[in-house]
Amino acid sequence: MKYPLFFLIAAGWLLGCNNASNLGKTGEDSDSVGSVAAARDSIVVLDSITSADTTSAMLPGDDPVIQVTVPAETLPVTRLQRTITSDMQSIRLSVTDLDVGQLRVSITHSKPDANIRISQVIRPDGSMDGPYGQQLVYDIKQRGTYTIIINKSNMASGTQVGDVFITLER
């Protein structure tokens, strides 16, 4: 009785593993000819989290992103203050029309033991660089808008809630 049951379970497992037709295959509607051949054997598992789910997961009443835009011609900017009211928030600081050279960014917090850092630099072409600490000297290699993301480090403990002071210099 053990062996027929084992073979029945094994056959069911094999059929279940090979039945990937319920998952969406990529490449059928692709515009790229080269990706169709490579993607025919690929299986895509779609994530069940949507942008609506992500937005509703934020704390009520808290704006998840504090937007700040600084035109490059106004640099240097010293002690630009923004207040973070939850650990879910981040500051998105966009420096527009920045020319080739160096950009120095420094952040401090009203609480000396706060968990805050420069997490990412988003270049004009959309590529990203980071994470960093609380000081950054960044080489600007192409003209455009550079966005600096400031928030807490998930690798450290502590809160980021409080006043953040940002200094930008060329």
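Could you state the accessible area per residue of the stretch 72-170 in Å², with a 1.4 Å probe and every protein chain left in place?
Each residue of the stretch 72-170 exposes 51 Å² on average to a 1.4 Å probe.
So what's the Cα pair-distance distribution over the stretch 117-170, bin width 5 Å, in %?
With 5 Å bins starting at 0, P(r) equals 4, 16, 29, 24, 15, 8, 4, 0.
So how do 84-91, 106-113 stack up, highest first, on mean other-Cβ count within 10 Å?
Most protected by this proxy first, the peptides run 84-91, 106-113.
Please list, short to long, the whole-number percent of alpha-carbon pairs of the stretch 54-155 in consecutive 10 angstrom bins beginning at zero.
With 10 Å bins starting at 0, P(r) equals 14, 48, 31, 8, 0.
Going 7 Å from the Cα of V65 along its beta-carbon direction, which residues of the stretch 122-142 have the amide nitrogen within less than 14 Å of the resulting point?
Zone members listed by number: 122-123, 126.
The values are calculated or read from the model by the stated rules, or taken from the named source; none is laboratory data. Predicted, not measured: the structure shown is a model, and the values here were computed from it. Methodologically, a virtual Cβ is constructed for each residue, glycine included, from the backbone with ideal geometry; neighbour enumeration extends over all protein chains shown. These accessible areas exclude ligands, DNA and RNA; they are computed on the full protein's heavy atoms, side chains included. Shrake-Rupley method; radii C 1.70, N 1.55, O 1.52, S 1.80 Å.
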